[in-house]
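Undergrad: Submitted below is the structure of interest, expressed as structure tokens.
The values are calculated or read from the model by the stated rules, or taken from the named source; none is laboratory data. The shown structure was predicted, so the numbers you read here are calculated from the model rather than taken from an experiment. Every residue, glycine among them, receives a Cβ derived from its backbone with ideal geometry; neighbour counts consider all protein chains shown.
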């Protein structure tokens, strides 16, 4: 029997655009994988068409719901210009810029696919968007690696403190160590997610020879990872 | 809070984004009607009709699990004291639950994921459920007006002993009840036309949808910027 709290938690999750959008992304990339899978199994054309249509329609729906997202990225980009650390400032800004350009390109991809507005150089725009996404992911990974260095230094300092403490237990030190552990986990989580996500634009640009099944599975995994993060943030 | 930050916060809620898409969808519905009357070229009309169709599908995708919300609200509604409010609330929630369920089935058919032979009947059922839900909401609105009028009379009778906070709350309740009533009255145009009870033309339906979308956007915006 499903509890009331579980239902409330689900509603809270679905009330955020991000939660719903990542769920749709999960279904979209699953369809992408599934089409590949059933084609290999030799399914009927009707069945394949059914899942391909689902993938296309969900993809359009998602694009509609991300239409004004560039505004968010532009705002965050300007905020990152105020970060103290130069490396984090540069990588943070590049990540926001990359995503801003990617989402702007997606607007044209959408208007083209629904036949509302068909720019002549749509292929160039699509490729540009994929490259921008890759740039954003690369910047995010660089920032992650750099953060690992910083976290390593902090862990070193905390270890020294722990040694100086000896047998005594200190609440403050413990809470700081716990916070550090959580940050390390968060950082690795993000790094793995970004690394996996790189597969998708790389294969779209033809730089990585990955088949639709692999791309689909990668998309499923990263969507689940995002959904997990969003669920935790809405239902602490 | 700066407007851009509020704007982003607004778009972060599913309701906010969905109502904006609804606004554009019903505008397209009106605009197609307008263009057809003006005798615009065929490809322009197709363009806007396509936008309307795709937006409708996108919105259906994003409302897929919404009926869960209405089911929980219906169950919560069963514990309201006032019998009229209890009946109308439960009716409204159940109506919307069924409507959204039929919309999900509708979507599966539109994208050819499923094929239901009795799709027309299902769609009609959905429109009827929406109509009933809106009617229940209107009845509840009228009842709320009566209750609030009584409260106001009591407040006036109390004279000096009246609590100013009560008066403020009363005004707020009046405003929100009126807002909801106007929204429901405009919204009911859409299923009324869909069921063929009164054949409003696409232009009127489009404008009604635009008004209620704008009203819903305003409510959500205020909620987010509070």
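Undergrad: I'd like the full set of residues that are farther than 28 Å from residue A:142 by Cβ and either in contact with a helix residue (DSSP H, G or I) (Cβ under 7 Å, 6 or more places away or on another chain) or part of a helix (DSSP H, G or I) (or both), limited to the stretch A:161-191. Let's see the steps before the verdict.
TA: Step one: of the stretch A:161-191, the residues farther than 28 Å from residue A:142 by Cβ are A:161-175.
Result: A:161, A:162, A:163, A:164, A:165, A:171, A:172, A:173, A:174, A:175.
Undergrad: Among the residues of the stretch A:71-78, is any on the phi > 0 side of the Ramachandran plot and more than 8 Å from chain B (Cβ to nearest Cβ)? Give the steps one after another, and end with the answer.
TA: So in the stretch A:71-78, the residues on the phi > 0 side of the Ramachandran plot come out as none.
Within the stretch A:71-78, none of the residues are on the phi > 0 side of the Ramachandran plot and more than 8 Å from chain B (Cβ to nearest Cβ).
Undergrad: I've got another one for you. Can you tell me how many residues in the stretch A:32-70 are in a loop (DSSP other than H, G, I, E, B) and more than 14 Å from every other protein chain (Cβ to nearest Cβ)?
TA: Our first condition is that a residue be in a loop (DSSP other than H, G, I, E, B); within the stretch A:32-70, this holds for A:42-44, A:65-68.
Pick out the ones that are also more than 14 Å from every other protein chain (Cβ to nearest Cβ) and you get A:42-43.
The qualifying residues number 2.
Undergrad: Identify, please: which residue in the stretch A:6-17 is in contact (Cβ under 8 Å) with a residue 12 or more places away in the chain and surrounded by 19 or more Cβ atoms within 10 Å (Cβ to Cβ) and is, among those, farthest from residue B:16 (Cα to Cα)?
TA: A:13
Undergrad: For residue A:210, only one of the following conditions fails: (1) in a helix (DSSP H, G or I); (2) crowded, with 16+ Cβ neighbours inside 10 Å. What is its number?
TA: (1)
Undergrad: Turning to a different aspect of this structure: So for the stretch B:111-120 (the condition being in a helix (DSSP H, G or I) and surrounded by 16 or more Cβ atoms within 10 Å (Cβ to Cβ)), does at least one residue qualify?
TA: Of all residues in the stretch B:111-120, those in a helix (DSSP H, G or I) come to B:119-120.
Imposing the further condition that a residue be surrounded by 16 or more Cβ atoms within 10 Å (Cβ to Cβ) reduces the set to B:119.
Checked the stretch B:111-120: at least one residue is in a helix (DSSP H, G or I) and surrounded by 16 or more Cβ atoms within 10 Å (Cβ to Cβ).
Undergrad: Restrict the check to the stretch A:37-50 and report whether at least one residue is closer than 26 Å to residue A:69 by Cβ and buried (at least 17 other Cβ atoms within 10 Å of the Cβ).
TA: no
Yes/no per residue for (1) closer than 30 Å to residue B:4 by Cβ; (2) in contact with a strand residue (DSSP E or B) (Cβ under 9 Å, 6 or more places away or on another chain); (3) at pLDDT 90 or above:
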position: B:138; (1), (2), (3): no, no, yes
position: B:142; (1), (2), (3): no, no, yes
position: B:153; (1), (2), (3): no, no, no
position: B:172; (1), (2), (3): yes, no, no
position: B:184; (1), (2), (3): no, no, yes
position: B:190; (1), (2), (3): no, no, yes
position: B:197; (1), (2), (3): no, no, no
position: B:200; (1), (2), (3): no, no, no
position: B:223; (1), (2), (3): yes, yes, no
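Undergrad: For the stretch A:177-192, state whether one or more residues are more than 24 Å from residue A:32 (Cα to Cα) and at pLDDT below 85.
TA: There is no residue in the stretch A:177-192 that is more than 24 Å from residue A:32 (Cα to Cα) and at pLDDT below 85.
Undergrad: Now for a different question. Based on this model, can you work out whether residue A:157 counts as out of contact with any helix residue (DSSP H, G or I) (no Cβ under 7 Å at 6 or more places or on another chain), within 28 Å of residue B:6 (Cβ to Cβ) and more than 12 Å from every other protein chain (Cβ to nearest Cβ)?
TA: No, not satisfied.
Matching residues to (1) under 17 Å from residue A:110 (Cα atoms); (2) modelled with pLDDT of 90 or more; (3) crowded, with 20+ Cβ neighbours inside 10 Å:
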| site | (1), (2), (3) |
| --- | --- |
| B:1 | no, no, no |
| B:4 | no, no, no |
| B:29 | no, yes, yes |
| B:35 | no, yes, no |
| B:45 | no, yes, no |
| B:49 | yes, yes, no |
| B:68 | no, no, no |
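Undergrad: Next question, about the same structure. Exactly one of these conditions fails for residue A:118: (1) in a helix (DSSP H, G or I); (2) assigned by the TED database to the domain that holds residue A:140. Give me its number.
TA: Just one mismatch for residue A:118, condition (1).
Undergrad: Just a yes or no: is a residue in the stretch A:164-173 more than 30 Å from residue A:64 (Cβ to Cβ), free of Cβ contacts under 8 Å to residues at least 24 places away in the same chain and surrounded by 15 or more Cβ atoms within 10 Å (Cβ to Cβ)?
TA: Initial filter on the stretch A:164-173 (more than 30 Å from residue A:64 (Cβ to Cβ)): A:164-173.
Checking the rest, the ones that are also free of Cβ contacts under 8 Å to residues at least 24 places away in the same chain come to A:164-173.
From what is left, the residues that are surrounded by 15 or more Cβ atoms within 10 Å (Cβ to Cβ) are A:173.
The answer is yes; a qualifying residue exists.
Undergrad: Here's something else I'd like to know. Just a yes or no: is a residue in the stretch B:144-165 assigned to a loop (DSSP other than H, G, I, E, B) and on the phi < 0 side of the Ramachandran plot?
TA: Within the stretch B:144-165, the first condition is being assigned to a loop (DSSP other than H, G, I, E, B), and the residues that meet it are B:162-163.
From the residues that got through so far, the ones that are on the phi < 0 side of the Ramachandran plot too are B:162-163.
For the stretch B:144-165, residues assigned to a loop (DSSP other than H, G, I, E, B) and on the phi < 0 side of the Ramachandran plot: present.
Undergrad: Does at least one position in the stretch A:14-21 carry a residue that is more than 10 Å from chain B (Cβ to nearest Cβ) and part of a helix (DSSP H, G or I)?
TA: Checked against the condition, which is being more than 10 Å from chain B (Cβ to nearest Cβ) and part of a helix (DSSP H, G or I), the stretch A:14-21 yields no hits at all.
Undergrad: I've got another one for you. Under 25 Å from residue A:191 (Cβ atoms) and either within 14 Å of another protein chain (Cβ to nearest Cβ) or touching a residue at least 60 places away in the same chain (Cβ under 8 Å) (or both): does that describe residue A:117?
TA: Details: under 25 Å from residue A:191 (Cβ atoms): no; either within 14 Å of another protein chain (Cβ to nearest Cβ) or touching a residue at least 60 places away in the same chain (Cβ under 8 Å) (or both): yes.
Criteria not met by residue A:117.
Undergrad: In the stretch A:65-99, which residues are touching a residue at least 12 places away in the same chain (Cβ under 8 Å) and within 17 Å of residue B:9 (Cα to Cα)?
TA: A:65, A:66, A:67, A:69, A:70, A:73, A:74, A:76, A:77, listed by residue number.
Undergrad: Okay, moving on. Give me the residue from the stretch A:175-207 that is touching a residue at least 60 places away in the same chain (Cβ under 8 Å) and more than 13 Å from the chain's Cα centre (by Cα) and, out of that set, surrounded by the fewest Cβ atoms within 10 Å (Cβ to Cβ).
TA: A:205
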